[in-house]
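Shown next, in structure tokens, is the structure this report addresses.
Since every read-out is calculated from the coordinates, none of them should be taken as a lab result. Note that the structure is predicted; figures quoted are calculated from it, not measured. In this analysis, Cβ positions are derived from the backbone assuming ideal geometry, glycine residues included, and neighbour counts consider all displayed protein chains.
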Amino acid sequence: MKPRDRLRIAMQKSGRLTEPALELLNRCGLTFRQSRDKLFCFGEGEPVDLLLVRDDDIPGLISQGVCDLGIVGRNVLSEYRLTGGLDGPALAEWRPLGFGRCRLSVAVPQELDYRDASQLQGQRIATSYPGLLGEWLRERGVDASVVTLAGSVEIAPRLGTADAICDLVQSGGTLVANQLREADVLLESEAVLAGPQVLPTDERGDMIDLLLKRLDGVIQVRESRLLLLQTSRGALDAVIRLLPGGPQPTLLPVAGQPDQLMLQALCAGEVSWRQLEEIKKAGAREMFVLPVEKMLA
Ligand SMILES: Nc1ncnc2c1ncn2[C@@H]1O[C@H](COP(=O)(O)OP(=O)(O)OP(=O)(O)O)[C@@H](O)[C@H]1O
Ligand SMILES: O=P(O)(O)OC[C@H]1O[C@H](OP(=O)(O)OP(=O)(O)O)[C@H](O)[C@@H]1O
Ligand SMILES: [Mg+2]
């Protein structure tokens, strides 16, 4: 295959991961011009292009070297490693991306009193993840028959074609609607940045390094908030004790008010009204909570 000098990332064309993946890439400073057929997006600033495909095809495209990286659910990547990608180069999860969170679970009819996997012995289990389910059953010494379906797995028990299912669960609403309940979790999933275990060492490798650093900068601070407040020196210890987790705060003098300090703290997550009210009671005032957009350490 002709070597490429531009990086190519595969992502889902149309589905749950499309919008958050594009937003994340945008936040990393990557913007794209969409082509007419919408399968290929040319990167405008950096030498990074997108290929928009069905999510199931993403691991294969990386493995064949058609794309350098992909944004795909851990569920799809892990299944590919067990079933599709046995001969190709090993694929790795380079970063968890924090969206598309769901789990791959076994679910059974609501009336069944499920205790452990041994109850699945001899049962028919419908799934679109025969690799992951087969491995999970093998590890537990359970001999069950795996019925592979491409979709609408939850309906199989009602149709009498399976006794249990193994499928993705998020809110659990689909299970309830089909009189099923979650019995065991096989895999906690989220979107990941997937790529070959061994990354290229040419210009594309440099671009991947840059992208990983930017991703870290975006992901690390995505949930973070910057808290700014004023406090007297006397109340400082009490205020600091109430700060939500994060690195040590920075303290700055306030011009013309020697007893006052300005405090700046990076908080790992949301800062609630209740927390702010408590901090205020301890002696803080002029409090601001700001979202953090980027970080470069
Ligand atoms: N209910 C859910 N909540 C959150 N994330 C989910 C949920 N269902 C699936 N996901 C995650 O989002 C990924 C994409 O889901 P989606 O339903 O868009 O895929 P699809 O129907 O297989 O799409 P495609 O047409 O690309 O094959 C899944 O592989 C999984 O990682
Ligand atoms: O626990 P819940 O919040 O109900 O989510 C789980 C459902 O979401 C996904 O399906 P999706 O809605 O994408 O439909 P599809 O499988 O037909 O694409 C998944 O395959 C489950 O059926
Ligand atoms: Mg799919």
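What the table below lists for this structure:
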{"quantity": "Computed over the range 223-291: relative contact order in percent, which uses C-alpha pairs under 8 Å that are six or more apart", "calculated": "52 percent"}
{"quantity": "Euclidean distance between Cα centres, the range 1-72 to the range 82-110, Å", "calculated": "19 Å"}
{"quantity": "Cα convex hull of the chain, projected area averaged across orientations, nm²", "calculated": "21.5 nm²"}
{"quantity": "Taking the range 102-189 and dividing mean pair separation by its residue count, relative contact order in percent (alpha carbons under 8 Å, at least six apart)", "calculated": "48 percent"}
{"quantity": "Local electrostatic count at residue 264 - Lys and Arg +1, Asp and Glu -1, tallied over other residues with Cβ under 13 Å", "calculated": "0"}
{"quantity": "Rg over Rh, two decimals, the range 223-291 (C-alpha only, Kirkwood Rh)", "calculated": "0.94"}
{"quantity": "Nearby aspartates and glutamates by direct alpha-carbon distance to residue 280 (threshold 16 angstrom, same-chain neighbours under 8 apart not counted)", "calculated": "237"}
{"quantity": "In Hz, Karplus ³J(HN,Hα) per residue of the range 160-166 (6.51, -1.76, 1.60; θ = phi - 60°; x = Gly, Pro)", "calculated": "x, 8, 8, 9, 8, 9, 9"}
{"quantity": "Mean Cα-pair separation over length for the chain, i.e. relative contact order, pairs under 8 Å, 6 or more apart, %", "calculated": "18 percent"}
{"quantity": "Compactness index (Cα Rg / 2.2 N^0.38 Å), the range 192-245", "calculated": "1.97"}
{"quantity": "Interchain or long-range residues, amide H under 5 Å from residue 193's placed H", "calculated": "94, 95, 97"}
{"quantity": "Lysines with Cα under 21 Å of residue 294, excluding same-chain neighbours fewer than 8 positions away", "calculated": "213"}
{"quantity": "Fraction of beta bridges assigned by DSSP in the chain that are antiparallel (%, nearest 5)", "calculated": "75 percent"}
{"quantity": "Relative counts (whole %) of C-alpha pair distances in the range 102-189, using bins that are 5 Å wide", "calculated": "3, 16, 30, 30, 17, 4, 0"}
{"quantity": "Largest to smallest principal axis extent of the C-alpha atoms in the range 1-85, angstrom", "calculated": "37, 32, 24"}
{"quantity": "Overall Cα dimensions of the range 1-143, principal axis frame, Å, largest first", "calculated": "56, 32, 26"}
{"quantity": "The range 222-284: GluC sites (Glu not before Pro) in DSSP coil with no more than 13 other Cβ atoms inside 10 Å", "calculated": "223, 270"}
{"quantity": "Projected label distance in nm at residue 13 and residue 150, using a 7 Å step from Cα toward the beta-carbon", "calculated": "1.4 nm"}
{"quantity": "Cα-based convex hull volume of the range 87-142 per residue, rounded to whole Å³", "calculated": "153 Å³"}
{"quantity": "Most to least packed among 113-121, 250-258 [average Cβ atoms within 10 Å]", "calculated": "113-121, 250-258"}
{"quantity": "Mean ellipticity per residue at 222 nm, deg cm²/dmol - from DSSP H runs of n ≥ 4 across the chain, formula -39500 (n - 2.57)", "calculated": "-7500 deg cm²/dmol"}
